[in-house]
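The values are calculated or read from the model by the stated rules, or taken from the named source; none is laboratory data. These figures come from a predicted structure and were not determined experimentally. Please note: Cβ atoms are built from the backbone with ideal geometry, for glycine as well, and neighbour counts cover all protein chains shown.
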């Protein structure tokens, strides 16, 4: 298995925006929300730690919440 690239919270925000999510600000976290065609609501909570790297375990949990895989994430981010 190859080493995972490190991603920042700002990278995840950019991908969520490109994937059609809308930001809902909160006090400690921001929630990103997207309603699918079948009515399913996806929610991803992000910390306000803008320039910080996302811990590996949290990155994969946020991908799961967003319904994305890492290849799609990299494509939306512009890294192939």
Of residues in segment 11-28 being surrounded by fewer than 13 Cβ atoms within 10 Å (Cβ to Cβ) and closer than 20 Å to residue 52 by Cβ, the one farthest from the chain's Cα centre (by Cα): 27
Within segment 66-76, is even one residue modelled with pLDDT of 95 or more and in contact with a helix residue (DSSP H, G or I) (Cβ under 6 Å, 6 or more places away or on another chain)? yes
Residue check: is residue 67 at positive phi and surrounded by 13 or more Cβ atoms within 10 Å (Cβ to Cβ)? yes
Which of the residues spanning segment 55-69 are in contact (Cβ under 8 Å) with a residue 40 or more places away in the chain and in a helix (DSSP H, G or I)? 56, 59, 62, 66
Write out, first by first residue and then by second, each pair whose Cβ atoms fall under 6 Å of each other, whose residues are 6+ apart or on separate chains, and whose first residue, in segment 35-54, is touching a residue at least 12 places away in the same chain (Cβ under 8 Å) while the second is in a loop (DSSP other than H, G, I, E, B). 42/67; 53/6; 54/7
